[in-house]
1. Only one residue in TYR231, TYR252 is among the aromatic types (Phe, Trp, Tyr) and either open to solvent by 60 Å² or more (accessible area, probe 1.4 Å) or within 24 Å of the chain's Cα centre (by Cα) (or both). Which one?
2. Out of (1) polar (S, T, N, Q); (2) free of Cβ contacts under 8 Å to residues at least 12 places away in the same chain; (3) crowded, with 19+ Cβ neighbours inside 10 Å, the odd one out for THR261 is which?
3. Which of the following residues is at pLDDT 95 or above and not in a strand (DSSP E or B): LEU259, LEU269?
4. Which of the numbered conditions does ASP260 fail, given that it passes all the others? Conditions: (1) of a type in the set (Asp, Glu); (2) over 19 Å from the mean Cα position of the chain (by Cα); (3) within 30 Å of LYS373 (Cβ to Cβ).
5. Mind checking which residues of the range 299-316 are open to solvent by 20 Å² or more (accessible area, probe 1.4 Å), of a type outside the set (S, T, N, Q) and outside any loop (DSSP other than H, G, I, E, B)?
6. Taking the condition of being open to solvent by less than 40 Å² (accessible area, probe 1.4 Å), assigned to a loop (DSSP other than H, G, I, E, B) and modelled with pLDDT under 90, how many residues in the range 75-93 meet it?
7. Could you please give the count of residues in the range 193-231 that are of a type in the set (D, E, K, R) and part of a strand (DSSP E or B)?
8. Go through the range 303-353 and give me each residue that's without any contact (Cβ under 8 Å) to a residue 24 or more places away in the chain and touching a Pro at 6+ places or on another chain (Cβ under 6 Å).
Amino acid sequence: MGGKNKVLGLIFANMHDVSVADLTKERTMGSILYGGRYRMIDFPLSNMVNSGVDEVGVITKSNYQSLLDHLGSGREWDLARKKGGLHLLPPFGHVDSGMFRGRLEALYGILNFVKNSDAEYVLLSDCDVITNIDYAPIVQKHIDEEADITVVYAKSVITMEQAKNSTILGVNEGERITDVLIRPQISGDCDISLNMFVLKKEFLQNIVLECASKSLYSFEKDVLQARVKEYKVIGYKHDGYFQKIDSTDTYYKANMAMLDTDTRDQVFLEKRPIYTKIRDNAPAKYGIGANVKNSLIADGCIVEGTVENSILFRGVKVGEGAVVRNSIIMQDTCIGKKCDINYVITDKMVDIRDFRLLTGSQYYPLYVGKGAKI
């Protein structure tokens, strides 16, 4: 996507923090750990890079120290460049902008950055969807259709609880979006927005300035929903695998899905890899009595007990005689001897001492906060 169709990528790191409040107390949505070694932002960022987008801005709001540490200069994504590359965009982009309430105010705060880009089109994405997607045909369709806004959507069967955190689209046979429902009280088979949008840069700037003058801040409500009849809004259906993270429950299920080989093969494609920050850890080490079944074990782990149907992030230690089942154990957590852990999510650097019993359930996994000592 070079030349005259150059695209600027913008990633919103803090959108949907409220949906997973336990996991975002000390980090952004984009910083949430996933799949043993990744962060949520790795997916939209890698998708953009693999699609030829070489200029990406990451819009932050709060709790973004962990995000800055993870992204660094953008070297792992080949974005450490003199021209273009990765740009970290904290709030208060200019003197008359404040802490943003929604997507439009966030864009208003970084409007000078957008104006200074030589891109012709802008690609917007949040960090709440796990998927591997090629943006190039989406941008091309936007150009061919001469659309004002292109929205990436997918068909999915959702519950009423999931609908509360979703934007549901009405799409006709010509892929024209005719209706937009925000957090509706419905369930069943729906076309849901994946919070990915393509717009022409000039069009986006005009929208942001107009809405700022009217104190409007919600892109979905004040632009998509309010002007769906006025603008040419088209949809692009994504048929590939995806998981939308909108609660601790869906986060748990999305991670557990990575234990399935077919699911991993759909997410981690050879031609479009998902990049992440590299840590120079030693390979995982297994003791004489270790017993591991159907689990993802990251580098740097030391396992001396039993691990089944679980995901262990980098640097996790499982003591002798300990049993870990159906759990997500985040980075540098230490599980003592003879512990019994089942349906548990531990955040980073948790210390579970010897002979402890922690049990949640399949539908309500027990969450243990960052740095807790039990």
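1. The match here is TYR252.
2. The one condition THR261 does not meet is (3).
3. Working: LEU269 fails: at pLDDT 95 or above.
The conditions single out LEU259.
4. (3)
5. Residues satisfying the conditions are ILE302, GLU308.
6. 2
7. Of the residues in that region, 1 qualify.
8. Result: TYR343, single match.
The values are calculated or read from the model by the stated rules, or taken from the named source; none is laboratory data. These figures come from a predicted structure and were not determined experimentally. For neighbour counting, all protein chains shown are included, and Cβ atoms are generated from backbone atoms with ideal geometry for every residue, glycine included. SASA here: full protein model, heavy atoms, side chains in, ligands and nucleic acids out. Shrake-Rupley method; radii C 1.70, N 1.55, O 1.52, S 1.80 Å.
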